[in-house]
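Read the structure below first, then the notes.
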Amino acid sequence: MAKLSVVLIALLFSLVANITFAQSFKEEKWATRLKFQRKKETVTNIQFYFHDTLSGKNPSAVRVAEATETEKSPTLFGVIMMADDPLTETPDPNSKLLGRAQGLYGSAGQQEMGLIMAMNFGFIDGIYNGSSISLLGKNSAMHPVREMPIVGGTGLFRLARGYAIAQTHWIDLTTGDAIVGYNVTVVH
């Protein structure tokens with residue numbers, strides 16, 4: 001019985017100490033800075049073209065790893081590519097440069113071409129200069145239209161979420177070079 005009393009007193013003392021700490025924390029001036037201020041969210045739609053060039057003297061995407069069975073796979077399962085692709089205003093590679101897609105993608109599908117993409121779309125033009133959005137998800141590359149999630153951003157797109165609709169404009173199945181149109185909607 002005496003041991004139970006000691007345990008109850010210790011628990012009571014701990015509870016009082018925690019309440020006292022919480023009260024003093026609440027009263028601290030800096031604690032008020034932790035309050036979340038809600039601001040009105042903005043919806044932004046951005047359109048651009050992604051130029052993924054694997055061939056030639058100056059490719060914008062290069063193979064950095066592959067599995068031992070990759071070359072035997074019809075989907076190149078296990079290949080990992082690193083990209084620094086230009087983003088332009090139109091499908092013409094010489095059109096206005098809006099930014100760069102930097103990141104990696106890998107073939108994750110054994111039965112169909114399914115790329116897992118982790119890309120940062122960094123913008124260098126207009127009001128979005130210095131801002132970026134991050135895409136992370138599956139790209140069913142052989143489907144005419146596909147949707148992928150936007151999971152974050154920086155600058156004007158801080159705390160962004162949304163989706164990207166990708167549509168292949170042109171592809172060379174021999175080299176793997178492609179131009180893909182992106183229509184991105186972000187809430188930030």
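The values are calculated or read from the model by the stated rules, or taken from the named source; none is laboratory data. Note that this is a predicted model, so its numbers are computed, not measured. Every residue, glycine among them, receives a Cβ derived from its backbone with ideal geometry; neighbour counts consider all protein chains shown.
Okay, here's what the table says:
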item: Pair list, Cβ under 7 Å, 6 or more apart: region 97-117 residue outside the structural domain of A65 (by TED's automatic domain parsing) and closer than 13 Å to S134 by Cβ, other residue modelled with pLDDT of 95 or more and aliphatic (A, V, I, L, M); result: none
item: Selection count, region 155-183, where residues are hydroxyl-bearing (S, T, Y), touching a residue at least 24 places away in the same chain (Cβ under 8 Å) and surrounded by fewer than 18 Cβ atoms within 10 Å (Cβ to Cβ); result: 2
item: Test: Q102 is polar (S, T, N, Q), surrounded by 14 or more Cβ atoms within 10 Å (Cβ to Cβ), out of contact with any Phe, Trp or Tyr (no Cβ under 6 Å at 6 or more places or on another chain) and under 22 Å from G181 (Cβ atoms); result: yes
item: Residue tally, condition surrounded by fewer than 18 Cβ atoms within 10 Å (Cβ to Cβ) and of a type in the set (G, A, S), over region 140-151; result: 1
item: Selected residue [out of contact with any helix residue (DSSP H, G or I) (no Cβ under 8 Å at 6 or more places or on another chain), at pLDDT 55 or above, under 22 Å from Q167 (Cβ atoms) and surrounded by fewer than 17 Cβ atoms within 10 Å (Cβ to Cβ)] from D85, D52, D92; result: D92
item: Residue in region 122-134 that is modelled with pLDDT of 95 or more, closer than 15 Å to V180 by Cα, surrounded by 15 or more Cβ atoms within 10 Å (Cβ to Cβ) and within 19 Å of the chain's Cα centre (by Cα) present; result: no
item: Count of residues meeting criterion [touching a residue at least 24 places away in the same chain (Cβ under 8 Å) and at negative phi] in region 68-91; result: 16
